[in-house]
Amino acid sequence: MNFDDYKNVWVFIESFEDQPKSVGLELLGQGRRLADELGQKLVAVALGRDTTELACASAFYGADQVITVDGEEYASYSADAYGYAFLKLVDKYKPNVILIGATVNGRDLGSKLAVSLRTGLTADCTALRVDEETKNIVWERPAFGGNLYAQILCATTRPQMGTCRPGAFKMPPERPENHPECIRESIHVPQDSLRTRVLEFVKAAKSGEIPLGQAQVIVSGGRGMKNAENFALLHKLADALGGTVGCSRAAVDAGWMPQSRQVGQTGTTVSPRLYIACGISGAIQHIAGMSESDTIVAINKDENAPIFEVADYCIVGDLFEVIPAILKELKARKEA
């Protein structure tokens with residue numbers, strides 16, 4: 001394998017109903033940094049029934065080049081169709097690095113590609129950098145239950161591949177003046193290779209409920225909430241702030257909240273503008289999933305709680321007294 005043949009940093013722009021998911025756009029920011037350090041191009045790769053919106057979004061967030069594949073077989077994700085097309089593209093263009101969102105579909109696609117290409121895949125990365133000496137990508141991810149962080153290199157094969165969780169990185173700055181080179185590839189999958197097809201989609205979130213990954217304000221509760229009924233207090237605060245409610249793993253294990261609301265290493269990684277942790281001690285697994293939030297407010301009776309080490313504002317007190325006081329103040333300001 002001649003490494004000189006492999007160039008450029010690719011980002012898979014995942015979509016749903018021909019609209020880009022945020023994780024691909026977030027990874028364009030990381031890809032931009034890696035590509036600049038390597039002196040290579042940042043390439044967005046989009047597959048779909050109609051990739052017009054995907055190409056426009058990729059350009060808007062800084063891609064140097066956009067490769068698109070259109071076709072009815074790409075209307076909904078399937079490992080057969082996407083895997084077939086992606087392998088054709090990799091064989092033709094030989095990318096150095098491939099970044100994929102650690103979504104259900106992204107994890108499926110990443111593992112299929114890694115096996116087919118006989119290369120490595122680092123899952124759930126939380127940090128990326130270029131090794132100055134070898135120019136290999138250093139993929140950093142939590143290991144051993146989040147008790148330490150492993151740094152992984154793919155030193156003997158190409159392409160170098162990794163998946164990153166939605167919300168693990170900030171959205172890159174907008175670049176409306178950017179005009180990338182657009183390449184349209186015509187790849188059609190043989191019908192006998194398509195073993196599955198999507199029949200329908202069932203929404204997991206309740207009507208009107210903001211998905212954790214999209215929320216700009218999250219109010220989370222942990223073991224200190226004491227029971228499921230007390231989460232109604234957090235819903236009041238979240239509603240007042242225009243946000244949604246999350247929780248720690250302890251609240252899920254206790255049966256107080258569904259797993260879909262869990263923030264952390266084994267839940268959803270989030271980076272909202274405001275994160276309020278209520279009665280959460282701050283285990284490293286939870287902190288790994290919310291430490292990139294712009295502003296973190298922690299409310300806990302234990303002044304030595306680990307959550308205070310990452311919080312911007314620390315409130316030592318009983319959350320059942322503090323939150324009603326906050327709600328009262330918010331109401332007064334609204335009426336003023």
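The values are calculated or read from the model by the stated rules, or taken from the named source; none is laboratory data. Quick caveat: nothing in here was measured; it's all calculated off a predicted structure. So basically every Cβ, Gly included, is an ideal-geometry build from the backbone, and we count neighbours across all protein chains shown. Areas reflect the complete protein model, heavy atoms only, side chains present, ligands, DNA and RNA absent. Shrake-Rupley method; radii C 1.70, N 1.55, O 1.52, S 1.80 Å.
Here are the numbers:
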{"read-out": "Matching residues, region 130-154, being open to solvent by 40 Å² or more (accessible area, probe 1.4 Å), touching a residue at least 40 places away in the same chain (Cβ under 8 Å) and under 22 Å from residue 39 (Cβ atoms)", "value": "135"}
{"read-out": "Qualifying residues in region 285-318 (those that are under 17 Å from residue 272 (Cα atoms) and outside any loop (DSSP other than H, G, I, E, B)) - the one farthest from the chain's Cα centre (by Cα)", "value": "313"}
{"read-out": "The listed residue being touching a residue at least 60 places away in the same chain (Cβ under 8 Å), closer than 28 Å to residue 196 by Cβ, of a type outside the set (Phe, Trp, Tyr) and open to solvent by less than 20 Å² (accessible area, probe 1.4 Å), out of 47, 54, 27, 34", "value": "27"}
{"read-out": "Test: residue 245 is touching a helix residue (DSSP H, G or I) at 6+ places or on another chain (Cβ under 8 Å) and modelled with pLDDT under 95", "value": "no"}
{"read-out": "Pair list, Cβ under 6 Å, 6 or more apart: region 87-110 residue acidic (Asp, Glu), other residue open to solvent by 10 Å² or more (accessible area, probe 1.4 Å)", "value": "108/79"}
{"read-out": "Qualifying residue in region 204-215 (condition: more than 23 Å from residue 164 (Cα to Cα) and in a helix (DSSP H, G or I))", "value": "no"}
{"read-out": "Selected residue (criterion: most open to solvent (accessible area, probe 1.4 Å)) from residues of region 201-239 that are charged (D, E, K, R) and modelled with pLDDT of 85 or more", "value": "223"}
